[in-house]
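A.B. asks: Quick one: this structure, given as structure tokens, is what I'll be asking you about.
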Amino acid sequence: MIFSELLQQAQNIAAISHSRIGVERESQRVSLNGKLAVTNHPNVLGSRQFHPYIRTDFAETQLEIVTPVVNTVNDLFRWLAALHDVTYQSMPANEMLWPLSMPPELPIRDDEIKLAKLPDFQGVLYRRYLARIYGRRKQMISGLHFNFEFPTVLVEELYQHQSEVTDFKCFKNILYLKTARNYLHYRWLITYLFGASPVAESNYFESNDEQPQTEVRSIRNSKFGYCNKNNVQVSFESLQTYFADIETQIREGHLIKEKEFYSPIRLRRSEQTIDQQASVDYLELRNIDINPFERYGVSENQIVFLELFMLFMLWTDEKETSNDWIMAGDQINNEVALESPLTPTRYRTNGLKIIDLMKRMAQQLDLKGYERVLQQAKNGLTDVAKTISGRMVKQLMTINQSVFATANGLENRKVITQIPYQLNGFTNMELSTQILMFDAIQKGITVDVIDENDQLLKLQLSHQIEYVKNGNMTSRDSYIVPLIMKNKTATKKILTTSGFNAPAGVEFISMNMALAAYPRFMGNPIVIKPQSANYGRGVTVFKLSPSLVDYSQAIRRAFAECSTVLVESFIAGPEYRFLVIDDKVKAVLLRIPANVTGDGHHTVKQLVAIKNQSVLRGLNDRTPLTKISLGMVEQMTLKSQQFTVDSIPMSGQRIYLRKNSNISSGGDSVDVTDQIDFTYKEKAAAAVKCLGAKICGIDLIIPDRSVPVSDHESYSIIEANYNPMMDMHCYPYKGQKHRVTADVLEFLFPQLNDL
């Protein structure tokens, strides 16, 4: 079967850029000075036995980060960014990930290299076996595994274009086995370009071990790396011979189970290790060194090159029988791995020919977007200093590897954790959704982004599936709940008829009628707001009786947001947001309207600019606080205090720029969960329950939060929110942080507390 001819007939060949791909990145946890960590795997990461994303490998210090399967390189790196973010923020502040494949300096005594403390005793026994057979030190090497599956639409089309094989599973096996055999033969080029383990740190080799005497391209991919004993031989000629050989190795005691076969490439199926009755679904490339120059251990260009390289492995013909072909590849790879990183490989001409053939293949198949990675590979073959190992060794001429790795690790930690409230890779989503995703990933809940623009997530733990929108809207609230809360008039009627306090008001469905009603409100402080609007849009607060001009502007602003407008009595006092989840108050915030405090030197405009520099402030629901604006509403508020944007307030003088206290309009959030009297928490929880809600933000005006409700009824419920901001409780302007997104997850998945 000539796959190059089949590929040229394929209409879906461009789908190769949408192959199903994933990455497993191993790394040692180390202290900030590059010493092997002595702490246990972080408890906040939930059950390591079932975690879909962050696990322990051989040792207690060895993390494994596993991305979900995705269809684009861009999505792969979004997930790598997110998972590294969660990993770093789950580790102690004085630890980081070691950015090399070769481990840091190891303890002198073997028993000080701690095996992973797994709850599964079989897993512990397996690691003890590996330690006895291969030694603990070899197991401390880390690498990057690249999982690759050809696009299903392409494989199905190739199957239709041939007639030699009538069974689709059999065809897939032939396709993947050919690709695997060629990869095993040509993988030396990957070792040459991407090898990145030139030097071993102290105590990796023991005194009597054979070891390289100078820098090499890749210890990990050489005979000195982590590999099976020489008597373990497995044929890739067919799936039947592959499994027959593995069974023989297990029967003869050379392997304990199939996963101990440490081939540079492994045949896999989607759900489990394959057996003789199954088909190969994807290939696992296991020979990629950690790239110390890349934050996530690998670059996008490396992944793009590997995608094209795998297509070429299917395209190009084998030149010898399968076993001889693979054996020749093993010999060349070991030779290349042990070459000096700054010496041209003796296989340079062959490498350039491969790159040229890959380029011709791409041209014949009309594949776009690979020119850059092919040129980079060619540059690496013509100039060894442009390979990863060459770049490393040039730097190691002036500093030792430990200093180099520690500096890179510190920089990675700094960049990844510099904005702790964001989830790297998904910063375009609303912040409440980002934080919920972070918590779900951390707890080992599988996350699938169903609709990024609509902030809709699918969460799965074992067989339980939950859908969450905006980080707070779930199936636990019935459809009618948001409809009630969206209608402020209906919300008020339900609450007041149930005995709760709410401000009196009038509803208008006509702008002209609302404008004509001005005399009714003369001499009274009022609030004008749309019947259905969130985040304070269209809301105007008059703490004193407004002029006709100001009243008219406020009415028009409210009608611009909704066809029905409410004019309510203004209730004086601080405004508090109570977040209620499952009938319990989880957090309480004092919301202070947008303001600045004078210093006697800067203008209001300058003070706003200074306050807006905070990393917590931004726009479009992507930060815990919102930048303060200086628009018409703010200038009207300043005018009511006899200020302008150019006024210079006295030192310590607080100037308000808004009368409504919404965080989304620049307000400050101050946590008072532990300071507010419990009777108000009871009142808030009861009001939310009255509305039939399970997750709700309810706003109360409370003149004196220290005086219990039972002593007076001077509170007023001004609003209930079916889509409350979660992030402002997680990252308040001042006060205690409350991880209310985690509370949502524990409400949805109560079994989390048992894992």
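The values are calculated or read from the model by the stated rules, or taken from the named source; none is laboratory data. Only a predicted model underlies this, so the values are computations on that prediction, with no experimental measurement involved. Note: ideal-geometry Cβ built from the backbone for every residue, glycine included; neighbour counts use all protein chains shown. For accessibility, only protein heavy atoms count, side chains too; no ligands or nucleic acids. Shrake-Rupley method; radii C 1.70, N 1.55, O 1.52, S 1.80 Å.
A.B. asks: Kindly provide log₁₀ I(q)/I(0) values, in the same order as q = 0.17, 0.18, 0.26 Å⁻¹, from the Debye equation applied to equal alpha-carbon scatterers of segment 599-658.
C.D. replies: At q = 0.17, 0.18, 0.26 Å⁻¹ the computed log10 ratios are -0.57, -0.64, -1.10.
A.B. asks: Using only Cα atoms and rounding to the nearest 10 degrees, what angle (0 to 90) does helix 322-337 make with the longest principal axis of the chain?
C.D. replies: Helix 322-337 sits roughly 70 degrees off the main axis of the chain.
A.B. asks: Something else now. Give, to the nearest whole percent, the P(r) tail of segment 143-207 beyond 14 angstrom, counting all Cα pairs.
C.D. replies: Within segment 143-207, distances greater than 14 Å cover 72 percent of Cα pairs.
A.B. asks: Another question, then. Treating only the Cβ of Lys, Arg, Asp and Glu as charged (+1, +1, -1, -1), what charge dipole size does segment 431-475 show about its Cα centre? Round to the nearest 20 debye.
C.D. replies: The calculation lands at about 140 debye.
A.B. asks: Report the far tail of the P(r) of segment 25-101, meaning the percent of Cα-Cα pairs longer than 18 Å.
C.D. replies: 38
A.B. asks: Per 0.36 nm of contour for each residue apart, how much would the distance between E452 and K257 grow if the chain were fully extended, relative to their Cα-Cα spacing?
C.D. replies: 66.0 nm
A.B. asks: Now, a different point. Summarise the accessible area of the chain (1.4 Å probe, protein heavy atoms) by the percent that is carbon and sulfur.
C.D. replies: 49
A.B. asks: How large is the accessible surface per residue of segment 706-755, computed with a 1.4 Å probe and reported in Å² as a whole number?
C.D. replies: I get 42 Å² per residue for this part.
A.B. asks: Once you charge only the Cβ atoms, +1 for Lys and Arg and -1 for Asp and Glu, what is the size of the charge dipole of the chain about its Cα centre, to the nearest 20 debye?
C.D. replies: 1800
A.B. asks: How much of the calculated P(r) for the chain lies past 48 Å, in percent of all Cα pairs?
C.D. replies: 34
A.B. asks: Would you pull out the residues with amide H under 5 Å of A587's amide H, same chain only if 5 or more places away, H placed 1.01 Å from N?
C.D. replies: The list, which skips near neighbours in sequence, is L579.
A.B. asks: Further question: Modelling each spin label as a point 7 Å along the Cα-to-Cβ direction, I'd like the A516/N612 distance in nm, to one decimal.
C.D. replies: My value for the distance between the label points is 4.2 nm.
A.B. asks: Measuring with a 1.4 Å probe in the full set of protein chains, what accessible area per residue, in whole Å², belongs to segment 504-569?
C.D. replies: That works out to 46 Å² per residue.
A.B. asks: Still on this model: May I ask for log10 I(q)/I(0) of segment 363-485 at q = 0.18, 0.20 Å⁻¹, from a Debye sum over the Cα atoms as equal point scatterers with solvent left out?
C.D. replies: Listed by q, the Debye log ratios stand at -0.97, -1.05.
A.B. asks: Against the longest principal axis of the chain, how steep is helix 548-559, in degrees 0 to 90 to the nearest 10, with axes from Cα atoms?
C.D. replies: Taking the Cα atoms of the chain, the angle to 548-559 is about 40 degrees.
A.B. asks: Stokes-Einstein at 10 °C, 1.306 mPa s, Kirkwood radius from Cα pairs: D for segment 300-420 in µm² s⁻¹?
C.D. replies: This corresponds to a translational diffusion coefficient of 93 µm²/s.
A.B. asks: Pop out the ³J(HN,Hα) list for segment 426-441 in order, Karplus 6.51 cos²θ - 1.76 cosθ + 1.60 with θ = phi - 60°, rounded to Hz; leave Gly and Pro as x.
C.D. replies: Residue by residue, segment 426-441 yields 10, 6, 7, 8, 4, 5, 4, 5, 4, 5, 4, 4, 4, 5, 5, 4 Hz.
A.B. asks: Same structure, new question: I need to check one value: relative contact order of the chain, counting alpha carbon pairs closer than 8 Å and at least 6 residues apart, in percent.
C.D. replies: Averaging sequence separation for qualifying contacts and normalising by length gives 12 percent for the chain.
A.B. asks: I've got another one for you. Starting from the Cα of N208, move 7 Å in the Cα-to-Cβ direction to define the label point; list residues of segment 94-123 whose amide nitrogen is under 18 Å from there.
C.D. replies: Under 18 Å, as judged by backbone N against the label point of N208, lie 108-111 of segment 94-123.
A.B. asks: Could you sort 71-83, 505-517 so that the peptide with the highest average Cβ count within 10 Å comes first and the rest follow in order?
C.D. replies: Taking the mean over residues of other Cβ atoms within 10 Å, the ranking is 71-83, 505-517.
A.B. asks: Something else: Enumerate by residue number the GluC sites (Glu not before Pro) in segment 409-474 meeting two conditions: DSSP loop (anything except H, G, I, E, B), and at most 15 other Cβ atoms within 10 Å of the site's Cβ.
C.D. replies: The qualifying sites are E452.
A.B. asks: While we're on this one: When you count, for each residue, the other Cβ atoms within 10 Å and take the mean per peptide, how do 671-681, 730-740 rank with the highest first?
C.D. replies: Top of the packing list down: 730-740, 671-681.
A.B. asks: Additional query: Counting only the backbone N, which residues of segment 598-625 are under 18 Å from the spot 7 Å out from the Cα of M650 toward its beta-carbon?
C.D. replies: Only 598-604 pass the distance filter.
A.B. asks: Each label point is 7 Å from the Cα along the Cα-to-Cβ direction; what then is the distance between the points at N753 and T248, in nm?
C.D. replies: Spacing of the two 7 Å Cα→Cβ label points: 5.7 nm.
A.B. asks: Separate question: Based on the Cβ-Cβ distance of V415 and Q635, what FRET efficiency does E = 1/(1 + (r/R0)^6) give at R0 = 41 Å, to the nearest 0.05?
C.D. replies: 0.55
A.B. asks: Using θ = phi - 60° and the Karplus relation 6.51 cos²θ - 1.76 cosθ + 1.60, list the HN-Hα couplings for segment 601-615 in order, rounded to whole Hz, with x at every Gly or Pro.
C.D. replies: These are the phi-based 3J(HN,Hα) values: 10, 9, 6, 4, 4, 5, 5, 5, 4, 5, 5, 6, 6, 4, 5 Hz.
A.B. asks: Out of the GluC sites (Glu not before Pro) in segment 44-141, which ones are loop residues according to DSSP with at most 13 other C-beta atoms within 10 Å?
C.D. replies: Answer in residue order: no site qualifies.
A.B. asks: Rounding to the nearest 20 debye, state how big the charge dipole of segment 348-387 is about its Cα centre with +1 on each Lys and Arg Cβ and -1 on each Asp and Glu Cβ.
C.D. replies: Dipole of segment 348-387, to the nearest 20 debye: 60 debye.
A.B. asks: Within 10 Å, count the other beta carbons around each residue, average over each peptide in 169-180, 32-43, 622-633, and list them highest first.
C.D. replies: Going from most to least packed, we get 169-180, 622-633, 32-43.
A.B. asks: Mind pulling the angle between the C-alpha long axis of helix 168-186 and the longest principal axis of the chain? Nearest 10 degrees, somewhere in 0 to 90.
C.D. replies: Taking the Cα atoms of the chain, the angle to 168-186 is about 70 degrees.
A.B. asks: Here is a further query. Could you state the accessible area per residue of segment 599-658 in Å², with a 1.4 Å probe and every protein chain left in place?
C.D. replies: In whole numbers, segment 599-658 has 56 Å² accessible per residue.
A.B. asks: Per DSSP H run of at least 4 residues, take -39500 (n - 2.57); add these up for the chain, divide by its residues and hand me the 222 nm value, nearest 500 deg cm²/dmol.
C.D. replies: Here the helix-only value at 222 nm equals -11000 deg cm²/dmol.
A.B. asks: Explain nothing, just compute: Karplus ³J(HN,Hα) = 6.51 cos²θ - 1.76 cosθ + 1.60, θ = phi - 60°, for every residue of segment 200-216 in order, whole Hz, x for Gly and Pro.
C.D. replies: Listing the rounded values in order: 9, 7, 4, 6, 6, 8, 8, 4, 9, 6, 5, 7, x, 9, 9, 4, 10 Hz.
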